[in-house]
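Computed from the coordinates by the stated procedures, all read-outs in this text should not be read as laboratory data. Just so it is clear, the model here is predicted, and its values are computed rather than measured. Reconstructed Cβ throughout: ideal geometry from the backbone, glycine too, with neighbour counts over all protein chains shown.
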Amino acid sequence: MKIVRFDDHRVGVVAGEDVVDVTRWVPDHSDRWPETYMVRLVEDFDRIRPTFEAAVVSGERIPLASVRLLAPLVNPSKILAAPVNYRPHQEEMGAPGAVYAGQSIKSVAEYGVFLKPPSSLAGPGSLIELPYPDRRTDHEGELGVVIGRQGKNIPASRAMDYVFGYTCLLDITVRGQEDRTFRKGFDTFTPIGPWIVTRDEVPDPHRLGIKVWVNDDLRQDASTAGMIYDIPRLIELASYHVTLHPGDLLATGTPDGVGPIRPGDRLTVWIERVGTLTVEVAR
Ligand code: MN
C-alpha cells in the first residue's frame with residue numbers, strides 16, 4: 001500500500017493513477033501543530049489497514065495529478081541517519097580535489113548514526129531553501145526506512161520485523177566542518193516522498209536501483225546492495241543508541257555521485273519499487 005498526504009493535510013491511499021481520501025479513518029487527525037496522526041497511523045496500521053483497503057474499493061478516486069502531495073510523514077519523534085554507508089561515497093569524499101581531500105573519511109562503523117531534526121522534512125514539490133548561497137550544498141539521494149514498532153536493543157536478526165515501509169529521501173547537506181546535525185538540519189533539508197510504500201511491496205530492500213538526477217543530468221546511479229551496514233544492522237545500531245518509535249525515519253546513507261545543487265535546480269530521486277520524488281531548489 002502507498003500512503004500519501006496531500007492538499008490540506010489530507011491522508012490518502014494510492015490506487016493506480018488515483019488517490020482515495022482516507023482521512024476520516026485516520027485516528028487523531030488534526031491539522032493543529034503538532035500533527036501526530038501519521039505516527040498514530042503507523043502505530044495502528046494493522047488495525048486500520050482493512051478499512052483503508054475497503055475505502056480503496058468503494059471510495060471516490062481523485063487523479064493523483066490533480067492533488068498537491070505533501071511529505072508523507074510529519075513529526076516523527078526523530079530522524080536517524082547513517083553518515084557514510086557506501087564505500088564509493090566514502091572514497092569520493094576524501095579523493096584528491098574533493099571537499100574533504102586529505103581528511104580521513106570513516107564510515108558508519110566508526111561514526112555511528114546522527115540525528116536530523118524532524119522540522120527538516122519537506123515533501124514532493126517543495127522548495128529547498130539554501131541557507132548559504134555561497135557555500136557548497138549537495139544532494140544525497142537515499143532510501144528512507146520508516147519504523148513501524150517501538151523497540152530498544154533490536155537484534156539485526158529480528159530488525160526487519162520493525163520496518164513499516166520505505167520512501168525516497170534526500171539528505172541535503174552543506175559541506176564544511178560544523179557538526180552534521182547543523183549542516184544537514186536546516187528547514188527543507190530532508191525531502192521525502194512521494195509516498196510511504198509498505199514493506200510488503202518491497203520484498204528485498206537491499207536489491208533496489210537508486211538514481212538521482214539534477215535537472216536532466218544523471219548524478220547518482222547505484223544499488224542499495226552497496227550499503228556497508230544493511231538495514232538490519234542500522235536498526236540494531238540505532239536502537240542500541242535510542243528507543244525507536246513508530247514513524248521514526250532512518251536515512252540509510254547515500255551512494256557515490258553526490259554533487260552541488262544551485263538555485264532553480266530540479267532534483268529527482270528514483271528508487272526501484274518505491275517511487276520517484278521531485279523537488280526544486282528555491283531561486
Ligand atoms: Mn546522507
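What FRET efficiency comes out for the pair Asp221/Arg47, r = Cβ-Cβ distance, R0 = 41 Å, nearest 0.05? Working from the Cβ atoms, E equals 0.55. The share of Cα pairs per 5 Å bin across the chain, counted from zero up to the longest distance, runs 1, 6, 13, 18, 20, 17, 12, 8, 3, 1, 0, 0, 0 percent. Kirkwood radius, region 212-283, all distinct C-alpha pairs, inverse of mean reciprocal distance: 14.3 Å. From least to most packed, judged by other beta carbons within 10 angstrom and beginning with the fewest, Ser77, Ser58 follow the order Ser58, Ser77. Both radii come from the Cα set of region 172-253: Rg as radius of gyration, Rh as Kirkwood radius; their ratio Rg/Rh reads 0.97.
Compared with the direct C-alpha span, the chain from Glu17 to Arg135 gains 38.5 nm at full extension, assuming 0.36 nm per residue. Each 10 Å bin from 0 upward holds the following percent of the Cα-Cα pairs of region 1-118: 12, 31, 21, 18, 15, 3, 0.
For region 1-146, the relative contact order is 21 percent, taking Cα pairs closer than 8 Å that sit 6 or more residues apart in sequence and dividing their mean separation by the residue count.
Given contacts defined as C-alpha pairs under 8 Å and at least six residues apart, what's the relative contact order of region 84-155, whole-number percent? Here the relative contact order equals 17 percent. Using every pair of distinct Cα positions in region 53-100, the Kirkwood expression returns a hydrodynamic radius of 15.9 angstrom. Cross-link reach is defined here as a Cα-Cα straight distance under 20 Å, omitting same-chain residues fewer than 8 places apart; for Lys78 the lysines meeting it are Lys116, Lys152, Lys184. Applying 1/(1 + (r/R0)^6) with r as the Cβ-Cβ distance of Asp31 and Arg87 and R0 = 51 angstrom yields a FRET efficiency of 0.70. Entry note, the chain: relative contact order of 24 percent, from Cα contacts under 8 Å with a spacing of 6+ residues. Spin-label model, Arg283 to Ser157: label points 7 Å out along the Cα-to-beta-carbon direction sit 5.8 nm apart. Over the chain, dividing the summed -39,500 (n - 2.57) contributions of all DSSP H runs of at least 4 residues by the number of residues returns a 222 nm mean residue ellipticity of -4500 deg cm²/dmol.
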